[in-house]
Amino acid sequence: MTIDAIIAALEHELAGYIRRGLKDRAALVEQELARLGRSPGATPSEVVPAEPGSTPTKPATRARKPVERVADAPAYEPPAKPRKAKK
C-alpha cells in the first residue's frame, strides 16, 4: 500500500468520525495523518455533513421467555479400587 492510499483511507475514516461526532477518535486520526505528512485542517468539520443523532428503533412488542435451568450433571465418581487377590 502506498502512502497516498493510506492517507486517503485515513481521510475517509476521519470524515466518518466527524460525521458521527466522535471527536476523540477524529483527533487520533488527525494525529496519524500529521505523522504521515498531511497538512492539518484539510478536512474541516464544516465540510463533512453531520448524520442524524440516532436511528429510531421500534420498541419491543414481546418480552423474552425466561431461561430454563438445566439440571446439573451427576457428580464424577472415580472407579472403585480393585480388590487384592487372596492367597
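Quick look at the numbers
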{"item": "Pair list, Cβ < 7 Å and 6+ apart or interchain, from region 13-30 residues that are among the charged types (D, E, K, R) to residues that are in a helix (DSSP H, G or I)", "result": "Glu13/Val29; Arg25/Tyr17; Glu30/Leu14"}
{"item": "Residue that is surrounded by the fewest Cβ atoms within 10 Å (Cβ to Cβ), among those in region 16-51 that are of a type in the set (Asp, Glu) and at pLDDT 90 or above", "result": "Asp24"}
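The values are calculated or read from the model by the stated rules, or taken from the named source; none is laboratory data. Everything numeric in this text was worked out from a predicted model, so none of it was measured. Note that we place each Cβ from the backbone using ideal geometry, even for glycine, and neighbour counts take in every protein chain shown.
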